[in-house]
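The block underneath contains the structure these notes are about, expressed in structure tokens.
Bear in mind that the values in this text are calculations on the coordinates, not laboratory data. Please read all numbers here as calculations on a predicted model, not as lab measurements. As a convention, Cβ positions derive from the backbone with ideal geometry for all residues, glycine included, and neighbour counts pool all protein chains shown.
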Amino acid sequence: MSLVIVIIILALIFDYINGFHDAANSIATIVSTKVLTPFQAVLWAAIFNFAAYWIFKDHAVANSISKTVHKEFITLPVILSGLIAAIFWNLLTWWYGIPSSSSHTLIGGFAGAAITHALIQHKGDLSWGDIVESQTIIQTLFFIILAPLIGMIISAFIAIVTIMRNLWIRFAIISLATFLTALLFDRFETNKMLENTQKFYKIDKYKKEIAENPNDSIAQQKLLKAESVYAQVKPLVEDYDRLGGKAIAKTVYENGWLKEIEASRLKDEVRNANDYLILEAEAIADPQKQNAYKEAKEKTEKYKAPLKQYLAKEIGLDSLMFSLNTIYPIHEKNIHKVKTKIESFDIESAFAKNINKASNNDIVLGIIISSIFFCLVYLYTERIKTPTSYRVAKMFKGLQLFSSAAFSLGHGGNDAQKVMGIIGAALIANGTIQDFGQLPNWVPIACYLAIGLGTLSGGWKIVKTMGTKITKVTPLEGVAAETAGAFTLFFTGQMGIPVSTTHTITGSIIGVGATKRLSAVRWGVTTNLLWAWILTIPVSGLLAALAYWVCSLFI
């Protein structure tokens, strides 16, 4: 447990460092355009970094980070080594004023330590795809290029639309872009809800078991049942905007579509409350404990029979506890915890929560309100008032407060989640939780608070690079760059892809610079940044490998 506490503290320290390392991303343009002083800017950014806690509910990015490495290779020393490497690289690049990616150094460190651990443990008899989740790594590498490119294209588009002389054509383009964005995010929402529903019915688990053992007839039968029920539930989930999660869950429960999995999910709750996950974690780290784990796994599967009787109200709690204890003993210290789990179990509420957490209605509503707000400001400044150069400049300075707040929300929501993923992986490795869906509430609160405090500390060396060295940014261009960066972060966050806020805002700044003329961008500086981006993951991986070797001498 002491090692878990050390990892959590280091993870929050990394989150704090990430805040002041990446503070420049949130405030560079608003400081360089003199809309706010540096202190005012970091305070503004920190507030919205923390406010992201109430906006991002699904934590898809954190889930992706926690699954970067396959479960059997996630150990506490691996996580510790990855964090040490990530902190070292972040401090080094901050010292030299290089806006590298905190996200990528964390992923590189985590993967590098895990690969080293696996190669030592298995004497090199594994491919990298056996150790890390190749899809997550490939997506991350792909978005090293794609995230800044998306930011670049969107910022150039916003800048061009903003300077259009015909106000009504500008409004029409903004309305069309907002409508298409709302449709896109609605599709993300539906896909995520369906994915969560499949996981709730353990369809992904059964498919994995069949992939590992194609002759597993029990898993095949369970998969057929789960897919049959899912096919009936799917139309309800797709009608979420009309029905809502609570009504969907009620209908699903009343139709008996949760009956098959009710005892199975309660079984998981009971055995996890009886230190089953801790035993599983110990078996991964210590092969000598694997027999005890296998015995616990086989015997606790039989919990389902008495649990079904309890759920059907055929037996009471005392009789249930006696039956469970006969099958596989409940440790005395866990009796109260197991009883609490049983008495508070409500599968209907759990299903509703599972659906609701994928809702992005707050984000879509924010995008629509922002578009209306921008249009009203344009209308007031250019039609109701006489559009002087002073008034237009003042308008864009005001709008930059709004756009920088949106980008800070995206920064907080994207980057704080990465540390949540690492803490989640540590809690899973320690056996505290079974999967990321059981992450305690204090984890996101602590992560968002840490990144907010880090941003409050500022990162002035990187501000200079981001705010002045790439290209000279005006308030209009600052609005375009920050809005584009915010959209990119919201977009990738919905997809659960861990991207770099550094790369995103850099691409956005390049995009607005290129709308003036290509020579307005200092391409030499940009090339140097690109090298830092390319090197971050492999260098972090090598540092983590070295850190793991050192840690293995003491742990």
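Structural remarks
- Taking the fewest neighbouring Cβ atoms within 10 Å as the starting point, the ordered list for C551, C375, C447 is C375, C551, C447.
- Panel values: the chain, Kirkwood radius from alpha carbon pairs, Stokes-Einstein at 10 °C and 1.306 mPa s, translational diffusion coefficient 63 µm²/s.
- Listing F351, F110, F142 from fewest to most neighbouring C-beta atoms within 10 Å gives F142, F351, F110.
- Summarising the amide proton neighbourhood of V132: residues at separation of 5 or more, or on other chains, whose placed amide H is nearer than 5 Å comprise H70.
- Packing rank of 225-237, 384-396, where each peptide gets the mean count of other beta carbons within 10 Å, highest leading: 225-237, 384-396
- Neighbours of A281, meaning other residues whose beta-carbon lies under 12 angstrom from its beta-carbon, give a summed charge of -3 when Lys and Arg score +1 and Asp and Glu score -1.
- Gain in span if fully extended, I210 to I13, counting 0.36 nm per residue against the direct Cα distance: 66.8 nm
- Nearest-20 debye value, the chain charge dipole, Cβ charges on Lys, Arg, Asp, Glu: 1680
- Of the trypsin sites (Lys or Arg not before Pro) found in region 298-383, those that fall in a DSSP loop while having at most 13 other beta-carbon atoms within 10 Å are K313.
- Formal net charge of residues neighbouring Q40 (Cβ-Cβ distance under 15 Å; K, R +1; D, E -1): +2
- Backbone phi angles across region 78-89, fed through the Karplus curve with coefficients 6.51, -1.76 and 1.60 (θ = phi - 60°), yield HN-Hα couplings of 4, 5, 4, 5, x, 5, 4, 5, 5, 5, 4, 5 Hz in residue order; Gly and Pro are listed as x.
- Calculated from backbone phi, Karplus (6.51, -1.76, 1.60) coupling profile of region 452-457 in Hz, x at Gly/Pro: x, 5, x, 4, 4, 7
- Computed about the Cα centre, the dipole magnitude for region 157-290 is approximately 540 debye when only Lys and Arg (+1) and Asp and Glu (-1) carry charge, each at its Cβ.
- Annotation: peptides 359-366, 46-53, ranked by per-residue average of other Cβ atoms within 10 Å with the highest first, follow the order 46-53, 359-366.
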